[in-house]
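Engineer: Below is one structure. I have some questions about it.
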Amino acid sequence: LDFDVFGNLRPFIEREPRTFLVGQFTFLNQSAVLGDNENAVSRFKGALVKVNALFDAHPTLKDSRNRGLLAALVYYELKKGVPVASFVRWVLQNHLHLIEESSSEDLIAIFDKVLESRKRTIFVSMPFGKSKPDDHYAIIQRVAETVSQTYALKPALKVERVDWFHDGTSYEISDKIIDMMSDCGLFLGNLTHCNPNVYHEIGFIMGKARAEGKDVANMLLFLDDSVPDADKFVAFNLRGIKQLRFTKPELEFVPALAENLERFFKLKS
């Protein structure tokens, strides 16, 4: 290993490099994320390069000497479908990087449970300061609660919008929006009133899906056709995407949303 390339990882590795590598490969093979062909070492080194860059992006991680944490970071870099940035945020928010030593298996098991809970989160992107979107949000909350009760979901579906999110801290709202969108299970985009912020957030979700190699983003768009024509205009690049359209929210939006939630969360075939 060239420590000019992996400089941030030197404190984890340099003292006992063979012990470190044997432990890493044993763990990664048992976790079935590395593979056993001739490309395994290249994939491992590639993951180390990305983890080393994480320490530059999050300098607080440099306080850690926890090999279990490093192994977990490499694991999530190699595992498809799990955003390693979400794991890093969870570690830093809970100060886990300050623990001297911990089991990589325990960190992964706990965070996988956290991810399972977050996959039941529905993030609503919507215009603010208008009555119709507020009504829509109330409907979404009610439908999600009904679906959760009907199927006895644990954890239950959780509906969020950024202006109602409170964790006891001050934060940059654009950063919080990105965090919430990155970790949500389903993104609901309210096209009513053709709001530019909603369009921007839809673009983020679509780009995230492309970056993760997904054919379809985890999103559902909807529009209230009862508003004036100017408020239900949909820009060209979104017109071809499936949308729930309705004029009578209770009669049309409620059952359509319930059915889509049941199908998306695989509660019915």
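The values are calculated or read from the model by the stated rules, or taken from the named source; none is laboratory data. All values reported here derive from a predicted model rather than from experimental measurement. Glycine gets a Cβ as well: all are built from the backbone with ideal geometry, and neighbour counts include every protein chain shown. Protein only, heavy atoms only, side chains kept; ligands, DNA and RNA dropped before computing areas. Shrake-Rupley method; radii C 1.70, N 1.55, O 1.52, S 1.80 Å.
Engineer: Heavy atoms only, probe 1.4 Å: what % of the accessible area of the chain goes to carbon and sulfur, would you let me know?
Structural biologist: 52
Engineer: Taking N as the number of residues in the stretch 1-136, what value does Rg over Cα atoms divided by 2.2 N^0.38 Å take?
Structural biologist: Ratio of Cα Rg to 2.2 N^0.38 Å: 1.26.
Engineer: When the solvent-accessible surface of protein heavy atoms is calculated with a 1.4 angstrom probe, in what order do Ser102, Ser226, Ser125 fall, highest first?
Structural biologist: Reading off the accessible areas and sorting them downward yields Ser226, Ser102, Ser125.
Engineer: Here's another thing I want to ask about it. Can you pull the three principal axis extents for the Cα set of the stretch 104-152, in Å, largest first?
Structural biologist: The Cα atoms of the stretch 104-152 stretch 48, 27, 8 Å along the principal axes, largest first.
Engineer: For the stretch 195-269, what's the radius of gyration and Dmax over Cα atoms, in angstrom?
Structural biologist: Just the Cα atoms of the stretch 195-269 yield Rg and Dmax of 13.9, 38 Å.
Engineer: Per 10 Å bin from zero, what fraction in whole % of the C-alpha pairs of the stretch 179-228 is there, up to the bin with the longest pair?
Structural biologist: Cα pair-distance distribution for the stretch 179-228, in percent: 24, 53, 19, 4.
Engineer: Ok, one more. Could you work out the pair-distance distribution P(r) of the stretch 113-269 from its alpha-carbon pairs, with 5 angstrom bin width and percents rounded to whole numbers?
Structural biologist: 2, 8, 18, 23, 22, 16, 8, 3, 0
Engineer: Leaving ligands and nucleic acids out of the surface, order Thr150, Thr247 by accessible area at 1.4 Å, largest first.
Structural biologist: Solvent-accessible surface, decreasing: Thr150, Thr247.
Engineer: Taking only protein heavy atoms into account and a 1.4 Å probe, give the accessible area per residue of the chain in Å².
Structural biologist: Normalised by residue count, the accessible surface of the chain is 54 Å².
Engineer: Could you run the Debye sum over the Cα atoms of the stretch 36-106, one equal point scatterer each and no solvent, and tell me log10 of I(q)/I(0) at q = 0.11, 0.13, 0.22, 0.27 Å⁻¹, two decimals?
Structural biologist: -0.26, -0.36, -0.98, -1.39
Engineer: Can you work out the FRET efficiency for the pair Lys232 and Glu116, with r the C-beta to C-beta distance and R0 = 41 Å, to the nearest 0.05?
Structural biologist: 0.65
Engineer: Next question, about the same structure. Distance from the Cα centre of the stretch 70-139 to that of the stretch 174-235, in angstrom?
Structural biologist: Each part's Cα centre sits 19 Å from the other's.
Engineer: Could you state how much accessible area Asp163 has, in square angstrom rounded to the nearest 10, with a 1.4 Å probe and all protein chains kept in place?
Structural biologist: Spelled out: Asp163, probe radius 1.4 Å, area about 60 Å².
Engineer: Suppose each label sits 7 Å from its Cα in the direction of the beta carbon; what would the Ala138-Glu16 distance come out to in nanometres?
Structural biologist: 6.2
Engineer: For the chain, what is the convex hull volume of its Cα atoms per residue in Å³?
Structural biologist: Measuring per residue, one finds 162 Å³ for the Cα hull of the chain.
Engineer: So if a site counts as exposed when it's one of the GluC sites (Glu not before Pro), its DSSP state isn't H, G, I, E or B, and it has at most 13 other Cβ atoms within 10 Å, what's the longest stretch of the chain without one?
Structural biologist: It runs 102-171.
Engineer: Here is a further query. Return the distance in nm (one decimal) between the two label points of a simple spin-label model at Glu38 and His58, each offset 7 Å from Cα along Cα→Cβ.
Structural biologist: 3.6
Engineer: Straight distance only, please: which lysines reach the Cα of Lys248 with their own Cα at less than 22 Å, same-chain residues fewer than 8 apart left out?
Structural biologist: Lys130, Lys132, Lys232
Engineer: What is the list of residues in the stretch 10-32 whose amide nitrogen lies under 13 Å from a point 7 angstrom out from the Cα of Arg65, following Cα to Cβ?
Structural biologist: The answer is 10-16, whose backbone nitrogens lie closer than 13 Å to the label point.
Engineer: Still on this structure: For Leu251 and Asn197, what does the FRET efficiency come to when R0 = 35 Å and r is the distance between their Cβ atoms, rounded to the nearest 0.05?
Structural biologist: 0.75
Engineer: Measure nothing but the geometry: give the 0 to 90° angle between the long axis through the Cα atoms of 254-264 and the longest principal axis through the Cα atoms of the chain, rounded to 10°.
Structural biologist: The angle comes out at about 20 degrees.
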